[in-house]
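Read the figures in this text as sums done on the coordinates, not as results from a lab. What you see is a predicted model, and the numbers here were worked out from it, not measured in a lab. Cβ placement follows ideal geometry from the backbone for every residue including glycine, while neighbour counts extend to all protein chains displayed.
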Amino acid sequence: MKHTIIITGGAGFIGSHVVRLFVNRYPDYRIINLDKLTYAGNLANLADIEDRPNYRFVKMDICDFEGVLALMQQEQVDGIIHLAAESHVDRSIKDPFTFAQTNVMGTLSLLQAAKVAWDGRWEGKRFYHISTDEVYGALEMTDPEGIEPPFTTKASSGSHHLAYGSKFFTEDLKYQPHSPYSAAKASSDHFVRAFHDTYGMPTIVTNCSNNYGPYQFPEKLIPLFINNIRHRKPLPVYGRGENVRDWLYVEDHARAIDLIFHEGKVGETYNIGGFNEWKNIDIIKVLINTVDRMLGRREGEDMDLITYVTDRAGHDLRYAIDSTKLQRELGWEPSLQFEEGIEKTVRWYLDNQQWMDRVTSGDYQKYYEEMYKGR
Ligand code: NAD
Ligand code: TYD
């Protein structure tokens, strides 16, 4: 079956990988990238596919209910993959209103536009909402040294293979968000389920762990630190660097989204993750060694850039996703070991210094004006 799909937030980090995958893999689908182009949206992330006949970019705010409705009706959209969001925890601590506006009201506006456009004709329709593991709150760290985990995947099968506690996030866990970011995402997840339960809208929600890979905005740990190591700038480690995150290569997340969009069960929630837990400080050491080696420096030469700073307020201690439901029901697995993924990621940022320089200088925001003027 052919589809016309709106992907929201397609100019951002994960969204750009999802857009690229769908545009390349499904030439007979129509892919509409709906993005407001906030500071996090960068059309240069999609330069390789922007002239494809099955791709259209629309600059729009998801909060613009009338605009989204008109677009859905005009284009006869039958699927929405919703990634647009304010996504950075530190920003949410400073400015929670923007997070409630975009993540909650924006999601509600999309849901309502889909409800009006589809008008109860749910057959063949799908509203797929992308969320985060952060809605589940924080897990205890029962063993700071790490223990043999009960699960292994390709992502976690490298040299480092540890769990830092015996509990994991499963789909049936109670939501306990702590940051304004995760509170807003949790609220949006509830609205999506409410539209399924109340109106019968065919919705799916997925909650994924921390992503890493090319095109991530350098306010997030991995690209920020790679760039700082390259330029020998201090690496601000929050607290003692003991917090644990569960890392997944972004293309593996995009593949999971493709699979779930097509084969996931309506009304269901799936957790996505690679059972790949790392303490921040351990990842930072891997990054320093990798950047140093690739730049021909002595490995570990830049360890003294590590600078412990005041902890993030309400900093969640440990995230660890249990994705066995997705593996069991749909056969998804990560394709990359973390070591391979980090190698590819560092290589990409070092090879794409111009992308990084344009982002850090703010120049990337001119891209839209130049590329789309007069279209
Ligand atoms: P990002 O910040 O890199 O990109 C967000 C995109 O949304 C940008 O292109 C931005 O311009 C757009 N956007 C923001 N507000 C908008 C609005 N009002 N209307 C239209 N577009 C708007 O985010 P990301 O890291 O790619 O995350 C994408 C989604 O995945 C988010 O919903 C996030 O909660 C979720 N997620 C992210 C991670 C992660 O590790 N990055 C993990 C799990 C889930
Ligand atoms: P981040 O990339 O912001 O993702 P999230 O908060 O959504 O998990 O941060 C990942 C981890 O790295 C988190 O525990 C906070 C920590 N961190 C630092 O120690 N220093 C930094 O400068 C940043 C951005 C993050």
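Take the Cα of Tyr26, step 7 Å toward its Cβ, do the same at Lys233, and the gap between the two points is 3.9 nm. Residues in the range 295-303 carry Karplus couplings, in order, of 8, x, 8, 5, 4, x, 4, 9, 4 Hz; the curve used is 6.51 cos²θ - 1.76 cosθ + 1.60 with θ = phi - 60°, and Gly or Pro positions show x. Relative protection proxy for 41-51, 75-85, 115-125, from highest mean packing down: 75-85, 41-51, 115-125 (other beta-carbon atoms within 10 angstrom).
Measuring nothing but alpha carbons in the range 221-328 and taking Rh as the Kirkwood radius, the Rg to Rh ratio lands at 1.08. Between Ile229, Ala117, Ile257, the Cα set farthest toward the positive side of the dipole of the chain (charges on each charged residue's Cβ, about the Cα centre) is that of Ala117. In sequence order, the range 156-170 has phi-based couplings of 9, 8, x, 5, 8, 8, 9, 10, 9, x, 9, 9, 9, 6, 10 Hz under the Karplus curve 6.51 cos²θ - 1.76 cosθ + 1.60, θ = phi - 60°, and Gly or Pro positions carry x.
Residue-normalised convex hull volume from the C-alpha trace of the range 3-366: 129 Å³ per residue.
In plain terms, the chain from Tyr308 to Lys174 could stretch by 45.0 nm, reckoned as 0.36 nm per residue minus the Cα-Cα distance. Here is the size of the range 313-372 from its Cα atoms: Rg then Dmax, 18.5, 47 Å.
DSSP beta bridges fully contained in the chain are about 10 percent antiparallel.
For the pair Ser159 and His190, the difference between a 0.36 nm per residue extended length and the Cα-Cα distance amounts to 7.3 nm. A simple charge model with +1 on the Cβ of Lys and Arg, -1 on the Cβ of Asp and Glu and nothing else charged puts the dipole of the chain at about 640 debye relative to its Cα centre. Here, the range 16-163 yields an orientationally averaged convex hull projection of 12.5 nm² when only Cα atoms define the hull. The modelled label-to-label distance between Glu66 and Glu301, using points 7 Å beyond Cα along the C-beta direction, is 6.0 nm.
Measure up Lys115/Lys325; Lys167/Lys344; Lys220/Lys344 against 20 Å on the Cα-Cα distance and list the ones that go over. As for pairs spanning more than 20 Å Cα to Cα, those are Lys115/Lys325; Lys167/Lys344. What is the distance in Å between the Cα centroid of the range 35-58 and that of the range 168-217? The range 35-58 and the range 168-217 have Cα centres spaced 24 Å from each other. Counting charges near Thr153 (Lys, Arg +1; Asp, Glu -1) among other residues having Cβ under 12 Å from its Cβ returns a value of -4.
Counted residue by residue at 0.36 nm each, then reduced by the alpha carbon distance between them, the extension gain from Lys59 to Ala47 reaches 2.7 nm. Using r as the Cβ-Cβ distance of Asp90 and Glu123, and R0 as 45 Å, what FRET efficiency do you calculate, to the nearest 0.05? Working from the Cβ atoms, E equals 0.55. Helical runs (DSSP H, four residues minimum) scored at -39500 (n - 2.57) apiece and divided by the length of the chain put the mean residue ellipticity at 222 nm at -11500 deg cm²/dmol.
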